[in-house]
Amino acid sequence: MPIKKSAIKRAKQSIVRRDKNRALKKTFRETVKTITKDLQEKKTDTVASKLSTAYKALDKAAKNNAIHKNAAARRKSRLTKKINAVLGKAVVPVSAKIKQENKKSATKKKVKQTTKKSTPKKETKKK
(Lines give C-alpha, C1' and ligand atoms only; values in the text may rest on other atoms or scores of the structure.)
Protein backbone atom coordinates (compact mmCIF):
# COMPACT_ATOMS: atom_id res chain seq x y z
CA MET A 1 0.00 0.00 0.00
CA PRO A 2 1.23 3.50 -0.78
CA ILE A 3 2.21 5.67 2.15
CA LYS A 4 2.74 9.13 0.70
CA LYS A 5 -0.25 11.29 -0.23
CA SER A 6 0.85 11.64 -3.84
CA ALA A 7 1.23 7.86 -4.18
CA ILE A 8 -2.25 7.33 -2.71
CA LYS A 9 -3.69 9.83 -5.17
CA ARG A 10 -1.91 8.16 -8.11
CA ALA A 11 -3.28 4.77 -7.03
CA LYS A 12 -6.82 6.18 -6.99
CA GLN A 13 -6.32 7.79 -10.39
CA SER A 14 -5.03 4.58 -11.92
CA ILE A 15 -8.10 2.69 -10.67
CA VAL A 16 -10.44 5.24 -12.25
CA ARG A 17 -8.49 5.23 -15.53
CA ARG A 18 -8.43 1.44 -15.62
CA ASP A 19 -12.20 1.29 -15.22
CA LYS A 20 -12.76 3.87 -18.00
CA ASN A 21 -10.38 2.06 -20.35
CA ARG A 22 -12.01 -1.28 -19.63
CA ALA A 23 -15.44 0.13 -20.40
CA LEU A 24 -14.26 1.68 -23.68
CA LYS A 25 -12.52 -1.52 -24.76
CA LYS A 26 -15.56 -3.59 -23.84
CA THR A 27 -17.87 -1.51 -26.03
CA PHE A 28 -15.81 -1.81 -29.19
CA ARG A 29 -15.08 -5.49 -28.60
CA GLU A 30 -18.79 -6.23 -28.22
CA THR A 31 -19.70 -4.33 -31.38
CA VAL A 32 -16.99 -6.07 -33.39
CA LYS A 33 -18.11 -9.45 -32.06
CA THR A 34 -21.73 -8.80 -33.02
CA ILE A 35 -20.67 -7.80 -36.52
CA THR A 36 -18.54 -10.92 -37.00
CA LYS A 37 -21.35 -13.06 -35.63
CA ASP A 38 -23.82 -11.47 -38.07
CA LEU A 39 -21.40 -12.07 -40.93
CA GLN A 40 -21.10 -15.74 -40.03
CA GLU A 41 -24.89 -16.07 -39.87
CA LYS A 42 -25.24 -14.15 -43.18
CA LYS A 43 -27.29 -11.32 -41.62
CA THR A 44 -26.00 -8.69 -44.00
CA ASP A 45 -28.88 -6.23 -43.64
CA THR A 46 -27.78 -4.96 -40.21
CA VAL A 47 -24.04 -5.03 -40.78
CA ALA A 48 -23.76 -1.59 -42.37
CA SER A 49 -25.51 0.16 -39.49
CA LYS A 50 -23.47 -1.73 -36.90
CA LEU A 51 -20.27 -0.85 -38.71
CA SER A 52 -20.75 2.84 -38.00
CA THR A 53 -21.27 2.10 -34.28
CA ALA A 54 -18.08 0.02 -34.29
CA TYR A 55 -16.19 2.88 -35.96
CA LYS A 56 -17.54 5.27 -33.36
CA ALA A 57 -16.52 3.01 -30.48
CA LEU A 58 -13.03 2.46 -31.89
CA ASP A 59 -12.52 6.18 -32.51
CA LYS A 60 -13.67 7.00 -29.00
CA ALA A 61 -11.28 4.44 -27.48
CA ALA A 62 -8.41 5.84 -29.54
CA LYS A 63 -9.32 9.41 -28.62
CA ASN A 64 -9.24 8.59 -24.90
CA ASN A 65 -5.98 6.62 -25.28
CA ALA A 66 -7.53 3.31 -24.27
CA ILE A 67 -5.94 1.95 -27.45
CA HIS A 68 -3.42 3.42 -29.86
CA LYS A 69 -4.81 5.33 -32.84
CA ASN A 70 -3.01 3.04 -35.29
CA ALA A 71 -4.49 -0.01 -33.55
CA ALA A 72 -7.95 1.48 -33.98
CA ALA A 73 -7.27 2.16 -37.66
CA ARG A 74 -5.97 -1.37 -38.13
CA ARG A 75 -9.05 -2.89 -36.49
CA LYS A 76 -11.39 -0.75 -38.60
CA SER A 77 -9.55 -1.73 -41.76
CA ARG A 78 -9.67 -5.44 -40.99
CA LEU A 79 -13.34 -5.25 -40.08
CA THR A 80 -14.29 -3.52 -43.32
CA LYS A 81 -12.23 -6.04 -45.30
CA LYS A 82 -14.20 -8.86 -43.70
CA ILE A 83 -17.50 -7.18 -44.49
CA ASN A 84 -16.51 -6.39 -48.08
CA ALA A 85 -15.39 -9.99 -48.61
CA VAL A 86 -18.76 -11.34 -47.46
CA LEU A 87 -20.95 -8.74 -49.17
CA GLY A 88 -18.92 -8.54 -52.35
CA LYS A 89 -19.15 -4.76 -52.46
CA ALA A 90 -17.57 -1.84 -50.68
CA VAL A 91 -19.44 -0.67 -47.61
CA VAL A 92 -18.59 2.77 -46.28
CA PRO A 93 -19.92 3.61 -42.82
CA VAL A 94 -21.78 6.85 -42.26
CA SER A 95 -19.08 8.36 -40.04
CA ALA A 96 -16.44 7.88 -42.75
CA LYS A 97 -18.67 9.60 -45.31
CA ILE A 98 -19.07 12.60 -43.04
CA LYS A 99 -15.32 12.85 -42.46
CA GLN A 100 -14.66 12.74 -46.20
CA GLU A 101 -17.20 15.51 -46.82
CA ASN A 102 -15.62 17.65 -44.11
CA LYS A 103 -12.19 17.17 -45.68
CA LYS A 104 -13.53 18.22 -49.07
CA SER A 105 -15.12 21.37 -47.69
CA ALA A 106 -11.95 22.20 -45.77
CA THR A 107 -9.83 21.92 -48.91
CA LYS A 108 -12.28 24.10 -50.82
CA LYS A 109 -11.98 26.76 -48.12
CA LYS A 110 -8.18 26.63 -48.34
CA VAL A 111 -8.30 27.00 -52.11
CA LYS A 112 -10.62 29.99 -51.83
CA GLN A 113 -8.35 31.64 -49.29
CA THR A 114 -5.25 31.17 -51.43
CA THR A 115 -6.93 32.43 -54.59
CA LYS A 116 -8.11 35.68 -53.03
CA LYS A 117 -5.94 38.59 -54.07
CA SER A 118 -4.74 40.81 -51.33
CA THR A 119 -5.27 44.49 -51.91
CA PRO A 120 -2.07 46.52 -51.91
CA LYS A 121 -1.69 49.03 -49.11
CA LYS A 122 -1.67 52.67 -50.02
CA GLU A 123 1.59 54.31 -49.35
CA THR A 124 1.46 57.54 -47.46
CA LYS A 125 4.09 60.23 -47.82
CA LYS A 126 6.04 61.04 -44.74
CA LYS A 127 6.80 64.67 -44.03
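The values are calculated or read from the model by the stated rules, or taken from the named source; none is laboratory data. Since the model is a prediction, treat every value here as computed from it, not as a measurement. Note that we place each Cβ from the backbone using ideal geometry, even for glycine, and neighbour counts take in every protein chain shown.
For the reader, a short list of remarks on this structure follows.
- Which numbered condition K25 fails, given (1) touching a helix residue (DSSP H, G or I) at 6+ places or on another chain (Cβ under 8 Å); (2) closer than 14 Å to P93 by Cβ: (2)
- If you filter segment 51-74 down to residues that are in a helix (DSSP H, G or I) and surrounded by 20 or more Cβ atoms within 10 Å (Cβ to Cβ), you find that the one that is farthest from the chain's Cα centre (by Cα) is L51.
- Taken over segment 70-125, residues that are modelled with pLDDT under 75 and over 16 Å from S52 (Cβ atoms) amount to 23.
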